[in-house]
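The values are calculated or read from the model by the stated rules, or taken from the named source; none is laboratory data. Note that the coordinates shown come from a computational prediction; the quantities given were computed from them, not determined experimentally. All Cβ positions, even for glycine, are placed from backbone atoms using ideal geometry, and neighbour counts span all protein chains on display. The area values use the complete protein model at the heavy-atom level, side chains included, leaving out ligands, DNA and RNA. Shrake-Rupley method; radii C 1.70, N 1.55, O 1.52, S 1.80 Å.
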Amino acid sequence: MEHEARAIVASYGIDGPRERFVRDPEEAVTAARDFGYPVVLKAMLAGVVHKTEHGLVRVGLRSEDELRDEAAAMLERAGAAVLGLLVQEMVKPVAEMLVGARVDPDFGPVIVVGGGGMLVEVYKDAAVRLAPVSEETARAMIGETRAAALLGGWRGRPPGDVAAAARAVARLSEFVADFREDVREVEINPLAVLERGVCALDCVIIPREPS
């Protein structure tokens, strides 16, 4: 599941938001009391990667009543296949990036950086290199994407922590190179770039199928 994948990449220095896996609305409310509002709520289903498209993500829940009602409704929408709910603290990024890696059958491990969310799909906004890469190369990759403008303080917005973003790209490239025999693909989308640091808001690891 998402939070399990995030725990794995955290061992490479890529941290996620504070979060808790819960089973019911009351447990969700208890978790949110520890994080503070607003929070993000996600339903966890086996085999479902893009939860937003299935109505299984709600952002910006601001009260216990709102969270409790949405948790109950989300469990009902998800049906019997639901494994539980994930409550996360809300993070406000300067910019969002996609950082992904896969093991290509011809070229081996590769690392991909692009604008987060739909940007990479709409604008084909991505830079690709063989993995692993250095932090210097990772920074150059970020500079090739549209996210670079946002990270530089676009239209008066605060600049993002490009060094931390480059470090995360380099660490994920090391991860896929280290586990090339076990992992087919890993994706962090989005990686939230903050004024200081980064945060992996969503993470998926697809294992290699046994030969």
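Go through the residues of segment 15-26 one by one and say whether even a single one is at pLDDT below 90, in contact with a Cys (Cβ under 8 Å, 6 or more places away or on another chain), surrounded by 16 or more Cβ atoms within 10 Å (Cβ to Cβ) and outside any strand (DSSP E or B). Within segment 15-26, none of the residues are at pLDDT below 90, in contact with a Cys (Cβ under 8 Å, 6 or more places away or on another chain), surrounded by 16 or more Cβ atoms within 10 Å (Cβ to Cβ) and outside any strand (DSSP E or B).
Just one residue in the set Ala71, Ala80, Ala126 is over 26 Å from Glu195 (Cα atoms) and at pLDDT below 95; that residue is Ala80. Counting only strands (runs of 3 or more DSSP E) wholly contained in segment 50-115, the ones carrying 3 or more residues that are within 30 Å of Gly143 (Cα to Cα) and open to solvent by less than 70 Å² (accessible area, probe 1.4 Å) occupy 95-104, 108-115. Listed by first and then second residue, the pairs linking a residue in segment 162-174 that is under 17 Å from Pro190 (Cβ atoms) to a residue that is open to solvent by 10 Å² or more (accessible area, probe 1.4 Å) and of a type in the set (Ser, Thr, Tyr), with Cβ atoms under 8 Å apart and 6 or more places separating them unless they lie on different chains, are Arg171/Tyr12; Leu172/Tyr12. Of all the numbered requirements in (1) more than 25 Å from Glu2 (Cα to Cα); (2) touching a Pro at 6+ places or on another chain (Cβ under 7 Å); (3) surrounded by 16 or more Cβ atoms within 10 Å (Cβ to Cβ), Leu194 misses one, and that requirement is (1). Checking each residue in segment 171-191 for being crowded, with 23+ Cβ neighbours inside 10 Å and under 10 Å from Ala131 (Cα atoms) picks out Leu172, Ser173, Phe175, Val176.
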